[in-house]
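So the structure is just underneath, and the comments pick up after that.
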Amino acid sequence: MKHITIICLFLVAFYGCGATSYNTSYETDEIIVGVGVAVFSTIVIYAMLASLEEEAYQKSRKAREQLNDLLNTWIGRYVSDMILRLGPANEITTDGKGGNIYIWSFSRTKLIALGTTDTTGIVKEIFGDHYFKAKTTRTPARYKTYQLKLMFWVNQDGIIYHWMQK
């Protein structure tokens, strides 16, 4: 949100002061209207960006809540059911109370940006013949890999009593 505020302040300064920096023949009323329009536009842009940021936050919060609700359903169930569902744990360690901690690790790769190919060129005439000289720039796709660890604490009877995600 700090970046949005800085951008909006820059827009006010740029549009508000722009009327006086290029042409000194503006009337005072025209300058006031220009500054007013710049301030109004900035407020509208700020509100739109804040709304989009809030929407993204709410979607993320809802996804976390759904995952928490799902993981809470495993409390009181046997770890053998979890193993049937997720397969063998990647790691098992002791919980210090006579039980174990079962750890499942997952990774997910998400496409961030598609790759691009940009070709620029010029036509040259050499001794009456035309040649096309081209330069192609390729940008590979960008991916981000997310790691998720699900840890389930299991008592001596094989019943899940706590979980954590990282």
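Read the figures in this text as sums done on the coordinates, not as results from a lab. Given the structure is predicted, the values throughout are model-derived calculations rather than measurements. Cβ coordinates were reconstructed from backbone atoms using ideal geometry, including for glycine residues, and neighbour counts include every protein chain displayed.
For the range 153-165, putting each phi into the Karplus relation 6.51 cos²θ - 1.76 cosθ + 1.60 with θ = phi - 60° gives couplings of 8, 10, 7, 4, 8, x, 9, 6, 10, 7, 9, 8, 10 Hz, in residue order, rounded to whole numbers and with x for Gly and Pro. What's the FRET efficiency of TYR57 with LYS144 using the Cβ-Cβ distance as r and R₀ = 25 Å, to the nearest 0.05? That gives a FRET efficiency of 0.85.
Highest mean packing first, where packing is the average number of other Cβ atoms within 10 Å per residue, the peptides 153-164, 132-143 line up as 153-164, 132-143.
Straight-line reach from LYS124: taking Cα to Cα under 16 Å and skipping same-chain neighbours fewer than 8 places apart, the lysines in range are LYS133, LYS135.
Straight-line cross-link reach from LYS62 at under 26 Å between alpha-carbon atoms covers these lysines, not counting any fewer than eight positions away in the same chain: LYS2, LYS110, LYS144, LYS149, LYS166. Residues of the range 134-166 with an amide N closer than 12 Å to a point placed 7 Å from the Cα of TYR78 along the Cα-to-Cβ direction: 157-160. Evaluating 6.51 cos²θ - 1.76 cosθ + 1.60 at θ = phi - 60° for every residue in the range 69-82, the Karplus couplings come out as 4, 5, 5, 5, 5, 7, 5, x, 9, 6, 5, 4, 5, 5 Hz, glycine and proline recorded as x. All other residues whose Cβ lies under 15 angstrom from that of LYS166 are scored, Lys and Arg at +1 and Asp and Glu at -1, for a net of +2.
With θ taken as phi - 60° and the Karplus curve 6.51 cos²θ - 1.76 cosθ + 1.60 applied, the whole-hertz 3J(HN,Hα) list for the range 130-135 is 9, 10, 10, 9, 10, 10 Hz, x standing for glycine and proline.
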